[in-house]
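All remarks here apply to the structure that follows.
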Amino acid sequence: MPLHDATRYPLTWPTGWQRTPKSERAAATFRTSSGTITIEHPSGSFSTRKTERRLSVPDAIRRLSRELSLLGAAEELLSTNVRTRLDGLPRAGEPEPADPGAAVYFRLRGQDRCLACDRWTRVADNIAAIAQHIDAIRRIDRYGVGTLDQAFAGYTGLPAKGETWRSSLGFGPDDVPTKADVLAAFHQRARAAHPDVPGGSHDAMSALVEARDAAIRTITT
């Protein structure tokens with residue numbers, strides 16, 4: 001399935017990739033520097049110490065963008081359940097969605113590739129985890145033990161329309177939504193996906209409609 005079937009919002013989870021049950025997600029330890037503080041000691045000497053904070057979504061996107069650039073990737077598309085800005089990137093300061101998963105789609109050496117993560121409880125941490133994973137993949141090529149093509153051999157899952165309704169509508173793998181829940185989720189996301197609003201597009205709205213229809217075909221109540 002072509003890379004362009006993925007949407008920036010809502011999340012397009014790659015076909016065939018196993019989801020992490022909500023009960024098994026954990027808090028990650030990704031951090032970034034927030035500055036330094038000066039400490040005065042009883043002896044009258046001073047020292048400085050770096051302070052850290054949790055990653056924000058923009059922090060994580062910068063890490064991911066850097067790793068994709070070093071990898072030589074093209075046509076990158078980051079997909080999450082965080083509403084997007086006018087430039088298509090996730091907005092800062094948005095509340096954590098029920099499904100914090102993240103997936104990045106890109107082309108590498110003429111091939112459509114995808115990496116995704118939903119192990120962690122925050123979107124920023126799942127994006128950062130993908131960035132760290134790309135760094136590990138680059139090391140395979142760097143040290144001459146294997147090749148990038150070998151490293152990506154197991155990461156061929158790409159989006160298939162109609163097969164990602166749970167993630168597209170914000171439902172986790174353990175959720176049991178009713179048709180009313182599906183319609184409510186659809187209407188909520190349609191306000192951001194509609195092509196007449198900033199950040200929306202015909203592709204995003206089309207994907208959302210297909211997710212709704214797929215969910216309704218699956219759900220019997």
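The values are calculated or read from the model by the stated rules, or taken from the named source; none is laboratory data. The structure presented is a predicted model; accordingly, all values stated were derived computationally and were not measured. Each accessible area value is taken on the protein alone, full model and side chains, heavy atoms only, with ligands, DNA and RNA left out. Shrake-Rupley method; radii C 1.70, N 1.55, O 1.52, S 1.80 Å.
Things worth noting here:
- For the pair Gln188 and Ala98 in one chain, pulling the backbone fully straight at 0.36 nm per residue adds 31.1 nm over the alpha carbon distance.
- Across Leu86, Leu208, Leu70, the residue with the most accessible area heads the list, and the full order at a 1.4 Å probe is Leu86, Leu70, Leu208.
- For segment 84-137, the gyration tensor built on C-alpha atoms gives an oblate shape. Its axis ratio a/c (a ≥ b ≥ c) is at least 1.5, and a/b is not larger than b/c.
- Note on Thr147: accessible area approximately 60 square angstrom, rounded to 10, probe 1.4 Å, nucleic acids and ligands left out.
- Segment 42-152 shape via C-alpha gyration tensor axes, a/c threshold 1.5: oblate
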